[in-house]
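Colleague: One structure is given below, represented as structure tokens, and several questions about it will come after.
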Amino acid sequence: MKKIMLALVYTALAVGANPSFAQTADITALRDGDMKKLVAHDAPVATSTAAFDLADGAGTATLEDWRGKYVLVNFWATWCAPCRKEMPQLNALQKEFGGDDFEVLTLATGRNSPEGIKRFFEEAGVDSLPRHQDPKQAVASQMGIFGLPITVIMDPEGREIARLRGDADWSSDSAKAIIKALVDSRAGG
């Protein structure tokens, strides 16, 4: 019995000392409107190790390449109307908060022509987001992405801490408060 109690105390202390757990609770309290669909995980979840194509034929990368900052990963497609609607909002989020502590990473999943993505970004005025692609849906498959859009928030250790299924108003005060809380926690307040 004593060992069980010690294990419980140790677990509670470890969870309390883990900034990812503490931060998840903070962002949960900030959810309002569309952001209520953002589900913060009880514990960070591993992300995909699969490679995806960088924009303009610049090679490949993995989500691991974004470690060290909070990352909002948006899985989308050019044929997805809700995806297209939220892309300018994500662009504005990147312009406002992007930097050393936060980045919006967009991954066009499945069949999306590079020319079609480029044309859509130009028409929509999206000038601050990457045009990366997951053409064989390797990243999406490993992360259980079914349906689009789906947005995942990763912590600086590269683990998923929250997920939002469907579209959302990323220009809302709630979305901005959530991203600001993450950036502030990374920057030391």
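Read-outs: derived from the displayed coordinates by stated rules, not from any lab. Note that the coordinates shown come from a computational prediction; the quantities given were computed from them, not determined experimentally. In this analysis, Cβ positions are derived from the backbone assuming ideal geometry, glycine residues included, and neighbour counts consider all displayed protein chains.
Colleague: More than 18 Å from Trp66 (Cα to Cα) and in contact (Cβ under 8 Å) with a residue 60 or more places away in the chain: which single residue out of Gln89, Gln142, Gln133 fits that description?
Modeller: Gln89
Colleague: Residues of region 126-144 being closer than 14 Å to Ala77 by Cβ and touching an Asp or Glu at 6+ places or on another chain (Cβ under 9 Å), which ones?
Modeller: Of everything in region 126-144, those that are closer than 14 Å to Ala77 by Cβ and touching an Asp or Glu at 6+ places or on another chain (Cβ under 9 Å) turn out to be Arg131, His132, Gln133, Asp134, Pro135, Ala140.
Colleague: Right, here's the next one. Out of curiosity, is Asp173 in contact with a Ser or Thr (Cβ under 6 Å, 6 or more places away or on another chain) and closer than 22 Å to Pro82 by Cβ?
Modeller: On the way: in contact with a Ser or Thr (Cβ under 6 Å, 6 or more places away or on another chain): no; closer than 22 Å to Pro82 by Cβ: yes.
In short, no.
Colleague: If you take the residues in region 54-71 that are of a type in the set (Gly, Ala, Ser) and part of a loop (DSSP other than H, G, I, E, B), which one is farthest from Ala138 (Cα to Cα)?
Modeller: Gly68
Colleague: Something else now. Name the strands (runs of 3 or more DSSP E) wholly within region 82-189 that hold at least 2 residues that are over 21 Å from Val39 (Cα atoms)?
Modeller: Correct list: 102-109, 132-134.
Colleague: Within region 127-140, track down each residue that is over 21 Å from Leu63 (Cβ atoms) and buried (at least 16 other Cβ atoms within 10 Å of the Cβ).
Modeller: Answer for region 127-140, where residues must be over 21 Å from Leu63 (Cβ atoms) and buried (at least 16 other Cβ atoms within 10 Å of the Cβ): there is none.
Colleague: Continuing with this model, one more query. Name the pairs: first residue in region 102-116 and surrounded by 15 or more Cβ atoms within 10 Å (Cβ to Cβ), second residue of a type in the set (Asp, Glu), Cβ to Cβ under 6 Å, at least 6 apart or on different chains?
Modeller: Every condition considered, the pairs that remain are Leu107/Asp134; Thr109/Asp134.
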